[in-house]
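*Asks:* Okay, here's the structure, questions in a sec.
Read the figures in this text as sums done on the coordinates, not as results from a lab. Since the model is a prediction, treat every value here as computed from it, not as a measurement. Cβ atoms come from the backbone with ideal geometry, glycine included; neighbour counts cover every protein chain shown.
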2 protein chains.
Amino acid sequence: MASAKQRVCGTTTPPVPLKPMSRVAVCGGTFGNKMAGVYLAKEWLKDPSELRRQTFSATPFLVNPRAAEKLLRYVEKDIGVCFLDSILKSPDTHDTPYEEKRAKEINRLFGPKGSDEAYDLLLDMHTSPCNMGACIIVDNAQNYFAMHLARYVQKHFAVMKAPIYLNMSQKEKSGRITSIARCGIGLELGPVSLERLRAEDYKHMRTLINCCLDFTDKFNQGGMFPAFEVEAYQFSGLEMFPQGPDGEVSAMVHPKIQDHDFLPVKPGNPVFQTFQGQDIAYSGDASFCPVFANDGALFRSKAAFVKTDKLRFSIPAIQATAKSSELPPEKDST
Amino acid sequence: MASAKQRVCGTTTPPVPLKPMSRVAVCGGTFGNKMAGVYLAKEWLKDPSELRRQTFSATPFLVNPRAAEKLLRYVEKDIGVCFLDSILKSPDTHDTPYEEKRAKEINRLFGPKGSDEAYDLLLDMHTSPCNMGACIIVDNAQNYFAMHLARYVQKHFAVMKAPIYLNMSQKEKSGRITSIARCGIGLELGPVSLERLRAEDYKHMRTLINCCLDFTDKFNQGGMFPAFEVEAYQFSGLEMFPQGPDGEVSAMVHPKIQDHDFLPVKPGNPVFQTFQGQDIAYSGDASFCPVFANDGALFRSKAAFVKTDKLRFSIPAIQATAKSSELPPEKDST
């Protein structure tokens, strides 16, 4: 790894010191029809012992219990946009949607967003019908802790590919739940059908979260994590569905893109297929990798997929600063 | 086919005369998150020419437009239980759910249920996350027209298996939309994730419906369809999820059943897996074939799967009576 380290600055640099992750939370059911996360959260609420590590005990919670009960994404408003400051700081009125109230409650417990009291780490469990593998969603590649965690998962979660998706989300502009913690990471397992609690998905998500917690514990124990290079898929834009004069979606995601998330698409490649069976080629001038191809949540806003650039990043070494009184003396991580 | 015919009654019997299917309807979006049907209905509403045959023109319709718009199963009440006489014949009040009103409207247009004015044939397009293949849902094996249609699909729809599921539904006790027509048949394509409009599913459903219409046209033209024997999966009961003292689901469908719809399960075989990973064996005393294993709609009522008996049926020859003035002179079907 020395050579990778040298690539960062041309010389061996000391590890970037980062605050330990003392207060850790794991949430499921941000969308109530994504069942693996819902049921893991429920089980861990009954018995959180599996979330204990030497340096912390992660707190589980169910984000949207009402939606989970009804197997719905949400009941009144998509909670994925409710963690905006403008919502979190506004007073409740008689017509405040349930999800806004719940977002405020969660923000009081695990935030407040942007404050020193906010939780250090929030792991947000999602599943998707798209072919996501065990996708790790990080805001950007400068989130070194998250990038090291992702790297650790890529090495230790052997069940499937674990691509890193950089959503380029800015905390202050984000309505996502992950924005309330100092570091929020999404885990998106797929393909997993909505509304289905599958034993294998449940097991995979459980293993995935345990893997994230193992890394966090090792990090907290103060070991140095060496620099590395890694590929990640960085958000570059949304591709909208073709639409007819009536505003209706007039074509479908092409079978060559459907289920082929993360695989490169070149200008001229087919990206859509009309209801009559005609192919529509990509008219952009640069290759991209589709992610969340034909996701229901995107479909609601007539977006077909997220376009990403596959980029290579040099991530510097990191090491936890031993600030927290909870932490044992530093020892070498493995 | 002569030998199969003989098995019915021990001798060659004349074909059962059946009324032709003059008024045919094709519907999608009974559940608004089952997208192939929703979008086929929408396309055919714009241009129904594909549904024209020599002996009829099928009428397309979208069952639940409001749910389809929101990508929801339903908005106020599951329309799958709204076609009961008790609902269809009750007057609207200010708090009548949208789906009940819509059911009444559909019943006026394509029923009334149980009357001579009811449509002859209703094809109801569904998709399911379960591994259903191109499942043909028929009320019972005495519905000879439907059984012959299913047989035709099994022969001509080469893309995937097309098992016949007999739901043993009784028209007068059924709340399903198919109960309003003289003959209602469900087409359940799967595995297909909810909320996703996939080009391949759309194409398969389109081919499937065309195949059903082709058969209906051949039948209407008066040809004789010989007797045959066929296997079908007959409803025998629902298997409920194990539940904890709090009434919560306490185990998941076992990976050996999940995605293995229609494959036999014997007493003692594992059917569930707890959240801690322990297998739970089937304690019943007879083998069965699971169908709709781990379907979201069943999950809502804490049912894990439908149990069916795989049975062999002798279906007699059929021939349309040439009552309808729309019909051309009889000629031999192919």
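*Asks:* Over all directions, the average projected area of the alpha-carbon convex hull for chain B comes to how many nm²? Let's see the in-between values first.
*Replies:* Numbers: hull surface 75.3 nm².
With every direction weighted equally, the projected area is 18.8 nm².
*Asks:* Just order B:63-71, A:156-164 by mean Cβ neighbour count inside 10 Å, highest at the front, would you?
*Replies:* B:63-71, A:156-164
*Asks:* Across bins of 20 angstrom width beginning at 0, how are the C-alpha pair distances of the protein assembly as shown distributed, in whole percent?
*Replies:* 17, 46, 28, 8, 1
*Asks:* Across peptide A:197-204, how many C-beta atoms of other chains are within 10 Å of each residue C-beta, on average?
*Replies:* Per residue, the number of nearby Cβ atoms from other chains is 6 on average.
*Asks:* How large is the convex hull of the C-alpha atoms of the range A:131-190 per residue, in Å³?
*Replies:* Enclosed volume per residue, from the Cα hull, is 78 Å³.
*Asks:* Over the range A:40-187, calculate the relative contact order: mean separation of alpha carbon pairs under 8 Å at least 6 apart, over the residue count, as a percent.
*Replies:* 27
*Asks:* OK, next. Would you mind calculating the relative contact order of the range A:132-212 from Cα pairs under 8 angstrom and at least 6 residues apart, reporting the percent as a whole number?
*Replies:* The normalised contact order for the range A:132-212 reaches 43 percent.
*Asks:* How much net charge surrounds residue A:185 when only other residues with a Cβ under 12 Å from its Cβ are counted (Lys, Arg +1; Asp, Glu -1)?
*Replies:* Residues close to residue A:185 contribute a combined charge of -2.
*Asks:* Run the dipole for chain A about the Cα centre, Lys and Arg Cβ at +1, Asp and Glu Cβ at -1, nothing else charged, and hand back the magnitude in debye, nearest 20.
*Replies:* Computed charge dipole of chain A: roughly 600 debye.
*Asks:* When chain A is modelled as a GNM with alpha-carbon springs shorter than 10 Å, which of A:276, A:54, A:170 fluctuates the most?
*Replies:* A:276
*Asks:* So if I place +1 on the C-beta of Lys and Arg and -1 on the C-beta of Asp and Glu, and nothing else carries charge, what would the dipole magnitude of the range B:64-169 be about its Cα centre? I want it in debye, nearest 20.
*Replies:* In total the dipole reaches around 400 debye.
*Asks:* In deg cm²/dmol, rounded to 500, what helix-only [θ] at 222 nm does chain A give when every DSSP H run of at least 4 residues adds -39500 (n - 2.57) and the total is split over its residues? Write out the running numbers ahead of the final one.
*Replies:* Details: 8 runs with 82 residues, N = 334.
Computed mean residue ellipticity for chain A: -7500 deg cm²/dmol.
*Asks:* If you don't mind, there's one more thing I want to ask. Under 17 Å from a point placed 7 Å out from the Cα of residue A:86 along the Cα-to-Cβ direction: which residues of the range A:177-195 have their backbone N that close?
*Replies:* A:177
*Asks:* On to the next question. Just tell me how shielded A:188-196 is by partners: mean number of partner chain Cβ atoms within 10 Å of each residue's Cβ, no decimals.
*Replies:* Details: counts 0, 0, 1, 3, 2, 13, 8, 12, 13.
Taking all residues of A:188-196 together, the mean is 6.
*Asks:* Which of A:47, A:217, A:201 ends up with the largest GNM mean-square fluctuation for chain A, with Cα atoms connected below 10 Å?
*Replies:* The residue with the greatest mean-square fluctuation here is A:47.
*Asks:* At 7 Å along Cα-to-Cβ for each site, give me the label-to-label distance between residue A:229 and residue A:49 in nm.
*Replies:* Taking the two extended label points, one gets 4.6 nm.
*Asks:* Suppose a student asked you for the relative contact order of chain B, using Cα pairs under 8 Å spaced at least 6 residues apart; what percent would you report?
*Replies:* 22
*Asks:* At what distance in nm do the modelled label points of residue B:115 and residue A:287 sit from each other, each positioned 7 Å from its Cα along Cα→Cβ?
*Replies:* Here the answer is 6.4 nm between the modelled labels.
*Asks:* Moving on. Take the Cα atoms of the range A:192-333, build their convex hull, and give its volume per residue in Å³.
*Replies:* So the per-residue hull volume is 171 Å³.
*Asks:* Give the Rg (one decimal place) followed by the Dmax (whole number) of the range A:223-273, computed from C-alpha coordinates and expressed in Å.
*Replies:* 17.1, 59
*Asks:* What does the copy distance list look like for residue B:214, label position 7 Å along Cα→Cβ, in nm and ordered from shortest?
*Replies:* Taking the point 7 Å beyond Cα along Cα→Cβ, the inter-copy spacings are 5.4 nm.
*Asks:* Additional query: With the alpha-carbon atoms as the only input, what is the per residue convex hull volume for the range A:159-219 in Å³?
*Replies:* With only Cα atoms used, the range A:159-219 gives 123 Å³ per residue.
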